[in-house]
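The block underneath contains the structure these notes are about, expressed in structure tokens.
The values are calculated or read from the model by the stated rules, or taken from the named source; none is laboratory data. These figures come from a predicted structure and were not determined experimentally. No Cβ is skipped: glycine too gets one built from the backbone with ideal geometry, and neighbour counts run over all protein chains shown. Side chains included, ligands, DNA and RNA excluded: accessible areas come from the protein's heavy atoms. Shrake-Rupley method; radii C 1.70, N 1.55, O 1.52, S 1.80 Å.
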Amino acid sequence: SESSETTTTVFVSNMHCGSCVKTIQDALASLSPSPSVVDVSIVTQSVTVKHTHALTPAMIKSAIDDAGYDILSTPVLGEGPSHPSLSWSGSIARLSAFATSKGKRHLDNCVQ
């Protein structure tokens, strides 16, 4: 039934191309149980996942993190939408993160 599912939105700072979208979709599709809907938006830098309660927000965030993406925030249910401030200066400041192995893994997945 509809009530057995919930929606989790995760804001991610370093998605920038179609390959990023596909990598995140594939990472989440490999989870068990797999989500029923995965909506990845480069424009809003967000990943919205509709899933059963057996798939926890922590599992979703871990899969995104393991794929090489930086999680900014996850809104808490009941607090309303929470959009982190996204700015070019903030994105530029995070470029140093690409020197890490996680950043390298992320870039290895991107089609340049």
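Points worth noting:
- Sum of side-chain charges, Val12 neighbourhood, beta-carbon under 10 Å (Lys, Arg +1; Asp, Glu -1): -1
- The distance between label points at Thr44 and Thr56 comes to 2.6 nm (points 7 Å beyond Cα on the Cα→Cβ vector).
- Simple spin-label estimate for Gln25 and Thr6 gives 2.6 nm between the two label positions (7 Å along the Cα-to-Cβ direction from each Cα).
- In the context of the full protein assembly, Thr52 retains an accessible surface of approximately 50 Å², using a probe radius of 1.4 Å and ignoring ligands and nucleic acids.
- Per residue, the solvent-accessible area of region 8-58 (1.4 Å probe, heavy atoms of protein chains only, all protein chains present) comes to 43 Å².
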